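Reading through the structure tokens given below for one structure.
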Amino acid sequence: MAEILALVAAFFFALAATLQQKGALGMGEVSLGSPKSFVNLAKQTWWLAGTVALLCGYAFQAVALANGRLAVIQPLLVTTIVFALPLGYFLTNQAVNRREVLGAGVVVAGLVIFTAVGDAADGNDNAPANEWAIAVLGFGAVAAALIVLGNKGSLVRKAGLYGACAGVLYGLSASLCKPTVEILGDDGIGAVLTSWEAYAFAVAGILAFVVQQVSLATGKLAASVAAVSVCNPLVSIVIGTVLLDERLAEPTWHKVVAYCGLGVALFGAIVISVATEGEKEPKTGPTPAPAPAT
């Protein structure tokens, strides 16, 4: 059931990204340095509809994490890019080429293998605060570096690197969602309001949301969503295995086949991210002067 809920969450995340992009198209640049651009976004009906879809995705994801293991649930969110391709085609007239379709097929095949043999063993619901601090600072530094790199280059590069930053932050937020949900179930809302995990979860999620809007506003849906879909589960797997001691169940060959399947799925998402129509962007530069009449 947790796996099914994760797939439903992935669909809502894809729908949210597509609708938010639809709301952002034609508005001009959305920038972290321009708060007004985000205010203008919030006035767009399609963008608001996408935000509602995003909240639905969060709800399904939270329930899935409460009933499953981080290192198993989060990889299923790679299917977000599979759902995003047809949604982008029908809702925002995104071009979908053969390599993207092939990449989507690879993602599905890899995840079928992963879910078929990747049974989760027991793990921990939380980790010591000092270990969380190292994880937060480390992944925070990675996210900051991606922002800096994303400010240079083409729109596809910006969409991909800002999307990767959002994916890192979403993965961190999802990882912190796990202990937050456990605290809520064990001790109630009062304990949640006094836990640092809940506030760190909220801050990481809000920052991811803001950064993703800049990525989506570039108009390059596949590059943006594919980058999020790759980085989100990777961060969650690292935290799940290192901090929460989550492992796939025995026998050993199950682990090998499952992780190979996950690798195939992530490769498919990367194929999609580099198969976008970036080469179709018009080249900038001086226009050559017309030849003199003879």
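Any read-out appearing in this document is the output of simple, stated calculations on the displayed coordinates, not a laboratory observation. What you see is a predicted model, and the numbers here were worked out from it, not measured in a lab. Cβ: placed from backbone, ideal geometry, glycine included. Neighbour counts: every protein chain shown.
At a Förster distance of 45 Å, what's the computed FRET efficiency of Asp122 paired with Ala49, Cβ-Cβ distance as r, to 0.05?
On the way: r = 40 Å, r/R0 = 0.89.
After rounding, the FRET efficiency stands at 0.65.
Hey, what do the phi angles of region 103-118 turn into as Karplus ³J(HN,Hα) couplings, whole Hz, using 6.51/-1.76/1.60 and θ = phi - 60°, x for Gly and Pro?
x, 4, x, 5, 4, 4, 4, x, 6, 4, 5, 4, 6, 6, 10, x
On each of the three principal axes of the Cα atoms of region 2-276, give max minus min coordinate, whole Å, ordered largest first.
49, 43, 30
Please compare each pair in Lys36/Lys158; Lys43/Lys152; Lys36/Lys220; Lys220/Lys255; Lys152/Lys178; Lys43/Lys178 to a cut-off of 31 Å on the Cα-Cα distance and tell me which ones are over it. List each step's numbers first, then the result.
Details: Lys36/Lys158 20 Å; Lys43/Lys152 28 Å; Lys36/Lys220 22 Å; Lys220/Lys255 35 Å; Lys152/Lys178 35 Å; Lys43/Lys178 33 Å.
Result: Lys220/Lys255; Lys152/Lys178; Lys43/Lys178 exceed 31 Å.
For a quick check: with amide H placed at 1.01 Å from N, whose amide H comes under 5 Å from Leu248's, ignoring anything fewer than 5 positions away on the same chain?
Residues meeting the amide H criterion: Ala121.
Net charge within 15 Å of Gly150 by Cβ-Cβ distance, Lys/Arg positive one each and Asp/Glu negative one each, not counting Gly150 itself? Please report the intermediate quantities before stating the final value.
Numbers: positive: Lys152, Arg157, Lys158, Lys220; negative: Glu29.
Local net charge: +3.
If r is the Cβ-Cβ distance from Asp186 to Arg98 and R0 is 45 Å, what FRET efficiency results, to the nearest 0.05?
Working: r = 50 Å, r/R0 = 1.11.
FRET efficiency, Asp186 to Arg98: 0.35.
Could you order the peptides 251-257, 20-26, 89-95 from most to least packed, using the average number of other C-beta atoms within 10 Å per residue? Kindly include the intermediate steps, with their values, before the conclusion.
Details: 251-257: 12.3, 20-26: 22.0, 89-95: 14.7.
In decreasing order of mean packing, 251-257, 20-26, 89-95 become 20-26, 89-95, 251-257.
Can you tell me the FRET efficiency between Ala133 and Leu193 if r is taken as the Cβ-Cβ distance and R0 is 25 Å, rounded to the nearest 0.05?
Numbers: r = 21 Å, r/R0 = 0.82.
Plugging the Cβ-Cβ distance into 1/(1 + (r/R0)^6) gives 0.75.
Mind jotting down the distance between the C-alpha centroids of region 236-257 and region 167-225, whole Å?
Here the answer is 22 Å between Cα centres.
Please compute the modelled spin-label separation between Leu149 and Trp253, points set 7 Å along Cα→Cβ, answer in nm with one decimal.
My value for the distance between the label points is 3.9 nm.
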